[in-house]
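Undergrad: Sharing a structure, written as structure tokens. Questions coming.
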Amino acid sequence: MVGEVLVGLNCRSGRLYVDGTVGEGGHAAAILDRIGPEGELWGLDRDPNALQAAATRLAHHTSKFQLFQRSYAQLGELLAAARRPGAAGILLDLGLSSWQLQESQRGFSFTGDEPLDMRFNPEEPGPTAATWLNRALETELERIFREYGEEHRARRIARLVVQERRRRPFQTTRQLVKLLEQALGPGGRRGRLHPATRVFQALRIAVNLELDELTTFLTHAPAWLEPGGRLVVISYHSLEDRLVKQGMAGWDRTGVMARLTRKPLTPAAAEVQANPRARSAKLRIAEKIAH
């Protein structure tokens, strides 16, 4: 949805734009092309490998850009340190990158056999997905599967996880996928979702505190934009989209920011065909009201 992002951000020369989830630099490159040499881009990401990929991809650009190994929820610290009053536009693309799914070897994908890590930043000391599975109480596992994965079989899966870890602690994605296929029982997958989809999502959210990060960001985002500045957020599951929708609606009611998308924008059929993971993307836009 690169075209929709550029229109949503209302990119102009000579302004500062922030890609809060820079990943491998795809959106950042398009923004730099649009704002030209007078513009400036900051790219943030928690994943050090993603930042390396972005640095390589953006190296040929003549526009000014800086990359920071930070969460988008920490943007305020960067603005304060640089004595910048705010950005003209902020983008969040909350989906996993192709590199994270296909090459990171951190257990984001359930199609191979990888260590159950799932941390965006493997240098952080926080618990891995394996740690969650091997140490959390059964009631806590049920809660995160239900709340973060919207998994209807959360209780059964949590019980099976506890039984399995007594026999053999969780270490790899294949071990977890086999258990989840067992938990699904006869009849196979529900719709087009693999039986592991919701639990992998729940673990990733728990490991990286993703909803907490997004909530913190939405609390402060209007203060990090200049008057007339735009916020564009692309979400991929209902938990994220609900937070973004409610946040933008609240700003609209209180006159802080105008909600420019009453209904989210979604990818065109051609984009979904080229990239099936884009099918669940929802893009929302808000603009800070100048007082």
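Values quoted throughout were computed directly from the atomic coordinates according to the rules given, and no laboratory measurement underlies them. Keep in mind it's a predicted model, so treat the numbers as computed, not measured. FYI the Cβ positions are ideal-geometry reconstructions off the backbone, even for glycines, and counts take in every protein chain you see.
Undergrad: Can you give the calculated 222 nm mean residue ellipticity of the chain, where each DSSP H run of n ≥ 4 adds -39,500 (n - 2.57) and the sum is split over every residue, rounded to the nearest 500 deg cm²/dmol?
TA: Counting only the DSSP helices, I get -13500 deg cm²/dmol.
Undergrad: Within a 10 angstrom radius of the beta carbon, how do Arg34, Arg284, Arg12 rank from fewest other beta carbons to most?
TA: Going from least to most buried by this count: Arg12, Arg34, Arg284.
Undergrad: Ok, one more. For the chain, what relative contact order do you get, as a whole percent, if you take Cα pairs closer than 8 Å and at least 6 residues apart?
TA: 18 percent
Undergrad: Hey, another quick one. What FRET efficiency comes out for Gln69 versus Val2 if R0 is 25 angstrom and r is the Cβ-Cβ distance? Round to the nearest 0.05.
TA: Taking R0 as 25 Å, the efficiency between Gln69 and Val2 is 0.55.
Undergrad: Quote the convex hull volume per residue of the chain, based on C-alpha atoms, as a whole number of Å³.
TA: Roughly 134 Å³ of hull volume per residue.
Undergrad: Run the numbers for His194 and Asp113: contour at 0.36 nm per residue of separation, minus the present Cα-Cα distance, in nm.
TA: 27.6 nm
Undergrad: Gain in length, Ser13 to Leu211, computed as 0.36 nm per residue apart minus the alpha-carbon separation, to one decimal in nm?
TA: 68.0 nm
Undergrad: For a quick check, take a GNM of the chain with Cα springs below 10 Å and name the residue from Tyr17, Tyr72, Tyr236 with the largest mean-square fluctuation.
TA: Tyr236
Undergrad: Please tell me the relative contact order of the stretch 109-208 in percent, rounded to the nearest whole number, where contacts are Cα pairs under 8 Å and at least six residues apart.
TA: Working: 118 pairs, mean separation 41.9, N = 100.
After rounding, I find 42 percent.
Undergrad: So if we plug the beta-carbon distance of Arg156 and Thr131 into 1/(1 + (r/R0)^6) with R0 = 30 Å, what FRET efficiency do we get, rounded to 0.05?
TA: For R0 = 30 Å, the calculated efficiency reads 0.85.
Undergrad: Roughly what % of Cα-Cα distances in the stretch 109-208 sit above 18 Å, to the whole percent?
TA: It works out to 40 percent of all Cα pairs.
Undergrad: Please give the FRET efficiency for Lys263 paired with Gln52, using the beta carbon to beta carbon distance and R0 = 41 Å, rounded to the nearest 0.05.
TA: Calculated value: 0.65.
Undergrad: Are there GluC sites (Glu not before Pro) in the stretch 25-102 that DSSP marks as loop and that have at most 11 other Cβ atoms within 10 Å, and which are they?
TA: Those satisfying the criteria are Glu38.
Undergrad: Give me Arg279, Arg166, Arg259, Arg153 sorted ascending by neighbouring Cβ count inside 10 Å, so fewest comes first.
TA: If I rank by nearby Cβ atoms, fewest first, I get Arg166, Arg279, Arg259, Arg153.
Undergrad: OK, next. Sort Asp93, Asp47, Asp113 so that the residue with the fewest other Cβ atoms within 10 Å of its own Cβ comes first and the one with the most comes last.
TA: Asp113, Asp93, Asp47
Undergrad: For the chain, with a Gaussian network of springs between Cα atoms less than 10 Å apart, report the residue from Thr21, Thr173, Thr254 with the top mean-square fluctuation.
TA: Ranking Thr21, Thr173, Thr254 by mean-square fluctuation puts Thr254 first.
Undergrad: Suppose we keep just the DSSP beta bridges with both residues in the chain; what percent of those would be antiparallel, to 5? Provide the component values of the computation, followed by the final result.
TA: On the way: 12 of 30 bridges.
So the antiparallel bridges in the chain amount to around 40 percent.
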